[in-house]
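Since every read-out is calculated from the coordinates, none of them should be taken as a lab result. This is a predicted model, so every value here is computed, not measured.
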Amino acid sequence: MKVAAVILCVLTASLLAALLIGALLPKRHEATRAAVYRRSPGELYAAIREFAAMASWRTGLERVELLPPREGRACFREISPHQSITYLVLEDRPPERLVTRIADEALPFGGTWTYEITPGPGGSRLRITERGEVMNVLFRFMARFVLGYTGTMNAYLSDLGKKFGEATVPGP
């Protein structure tokens, strides 16, 4: 009984500490990751912009639904085993820049991803910048210290490399 009380106290103290730290963290963050591919900017842009095909190369993505345009902008929903997220295309400038924004107001997080493609020797460089916002303080703690701000971008860049048969190492 004493051991159970100690465990309960430790768990409660840990939860309270996570909530306090989460409340002290800034709501907004910005993170950037990049990778180089042996593809032209046009090829790279086409792969990124073909939303309906993303489930064929992105890990953990079950499917993508193309939705009717909102405000005259392309809209799509990513479906994964644990959630679905709707995105709105804010900017679409082939083959150099694409900006998407999470369009679900009910989620505990939101923000934009800016994809910038620049040509280079023998290929192209893709840089993704996430400008995010995490409203829930516990999720803010988890995003900062457990999940990390760059994990999803690293997976995306690596998966894109695998689609092209390339070993990609994401970096700053």
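Assorted remarks:
- Around the amide H of Arg39, modelled in the peptide plane, lie the amide H atoms of Ser124, all under 5 Å away and 5 or more residues distant in sequence or on another chain.
- Between Arg70 and Met1, the contour length at 0.36 nm per residue exceeds the alpha carbon distance by 19.1 nm.
- Over the chain, dividing the summed -39,500 (n - 2.57) contributions of all DSSP H runs of at least 4 residues by the number of residues returns a 222 nm mean residue ellipticity of -9500 deg cm²/dmol.
- When every Cα-Cα distance of the chain is counted in 10 angstrom steps from zero, the calculated P(r) takes the values 9, 32, 32, 16, 7, 3, 0 percent.
- Taking θ as phi - 60° and the Karplus parameters 6.51, -1.76 and 1.60, the scalar couplings of region 8-18 work out to 4, 5, 5, 5, 5, 4, 5, 5, 5, 5, 4 Hz in sequence order, x denoting glycine and proline.
- Anchor Lys27: aspartates and glutamates whose Cα lies under 19 Å away (excluding residues fewer than 8 positions away in-chain): Asp104, Glu105, Glu130, Glu133
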